[in-house]
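Here the structure is laid out as structure tokens; the discussion comes afterwards.
What follows is calculated from the coordinates using simple rules that are stated; it is not laboratory data. Computed from a predicted model, the values in this text were never measured in an experiment. Note: ideal-geometry Cβ built from the backbone for every residue, glycine included; neighbour counts use all protein chains shown.
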């Protein structure tokens with residue numbers, strides 16, 4: 001019998017960075033065999049795990065090997081679940097519903113990975129919700145970073161008219177008709193259970209995930225007396241220019257490592 005987070009198989013994957021080894025991993029998540037991408041630095045032993053939680057759904061927002069390798073090159077062992085039902089994995093992705101178990105299993109995978117002492121959590125876009133829910137589930141998380149991250153599913157439904165059909169289909173209805181289904185996907189209501197320090201990164205001109213998501217998260221964390229740091233970028237949208245992106249990756253990785261030292 002396999003346990004959640006247990007690795008079932010591993011297959012080498014071509015790496016865009018010669019200093020980083022990539023593998024497609026099959027692991028267990030709530031009795032499902034789910035897949036994800038593992039990145040390990042070749043030239044240095046790392047004690048820091050990095051759980052990368054992507055945004056989007058299905059083929060929108062897929063895990064990009066170059067992005068995962070970018071974080072691994074900063075000295076982390078990175079694991080990015082594809083979420084259930086994607087790229088050969090079992091089950092069906094359901095937008096921060098039961099598929100949060102895939103993030104939980106991935107956290108356990110890193111926690112049990114040889115040599116890792118700390119596990120950090122990173123979420124981009126919809127992955128912000130997944131990151132916060134995972135950090136709430138695992139108080140031992142070393143830190144949480146949410147970049148352009150969703151924090152409120154009610155707000156996403158209100159703002160993104162283009163996503164409403166998908167959200168109604170996947171979640172099972174509208175927020176007005178099924179508020180509990182949206183509430184359970186919204187970590188703002190459970191932040192009192194969060195222990196890890198949080199870094200919020202957001203472009204003020206973001207049209208995909210409005211900066212209001214960041215403000216609501218920051219304000220609620222401050223109300224609760226939690227550790228929160230915010231980096232707002234006035235000129236940028238959901239996607240940063242390449243050189244700003246690279247600098248921000250380096251800065252957030254430095255921030256993460258400092259949290260682990262505390």
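Would you call residue 53 touching a strand residue (DSSP E or B) at 6+ places or on another chain (Cβ under 6 Å) and either surrounded by fewer than 24 Cβ atoms within 10 Å (Cβ to Cβ) or farther than 25 Å from residue 18 by Cβ (or both)? Yes, satisfied. Filtered by the rule that a residue be farther than 14 Å from residue 105 by Cα and within 14 Å of the chain's Cα centre (by Cα), segment 23-60 gives 54, 55, 56, 57.
Okay, residues lined up against (1) touching a residue at least 60 places away in the same chain (Cβ under 8 Å); (2) more than 18 Å from residue 55 (Cα to Cα):
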{"residue": "172", "(1), (2)": "no, yes"}
{"residue": "175", "(1), (2)": "no, yes"}
{"residue": "238", "(1), (2)": "yes, no"}
{"residue": "253", "(1), (2)": "yes, yes"}
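For residue 25, state whether it is in contact (Cβ under 8 Å) with a residue 24 or more places away in the chain, surrounded by 17 or more Cβ atoms within 10 Å (Cβ to Cβ) and out of contact with any strand residue (DSSP E or B) (no Cβ under 6 Å at 6 or more places or on another chain). It is false that residue 25 is in contact (Cβ under 8 Å) with a residue 24 or more places away in the chain, surrounded by 17 or more Cβ atoms within 10 Å (Cβ to Cβ) and out of contact with any strand residue (DSSP E or B) (no Cβ under 6 Å at 6 or more places or on another chain).
Determine, yes or no, whether residue 95 is in contact (Cβ under 8 Å) with a residue 40 or more places away in the chain, touching a helix residue (DSSP H, G or I) at 6+ places or on another chain (Cβ under 6 Å), in a helix (DSSP H, G or I) and within 17 Å of residue 34 (Cβ to Cβ). So residue 95 does not fit the description; no.
Selection of segment 56-72 for residues being in a loop (DSSP other than H, G, I, E, B) and surrounded by fewer than 19 Cβ atoms within 10 Å (Cβ to Cβ) yields 56, 58, 59, 61, 62, 64.
Among (1) part of a loop (DSSP other than H, G, I, E, B); (2) within 13 Å of the chain's Cα centre (by Cα), there is one condition residue 88 misses while meeting the rest; what is its number? That leaves (2) as the condition not met. On inspection, residue 20 passes the criterion of being buried (at least 17 other Cβ atoms within 10 Å of the Cβ), touching a residue at least 24 places away in the same chain (Cβ under 8 Å) and over 19 Å from residue 105 (Cβ atoms).
Evaluate the following for residue 261: is it over 20 Å from the mean Cα position of the chain (by Cα) and within 19 Å of residue 123 (Cβ to Cβ)? Spelling it out, it is not the case that residue 261 is over 20 Å from the mean Cα position of the chain (by Cα) and within 19 Å of residue 123 (Cβ to Cβ). Within segment 222-240, the set of residues being in contact with a helix residue (DSSP H, G or I) (Cβ under 6 Å, 6 or more places away or on another chain) and not in a loop (DSSP other than H, G, I, E, B) comprises 228, 230.
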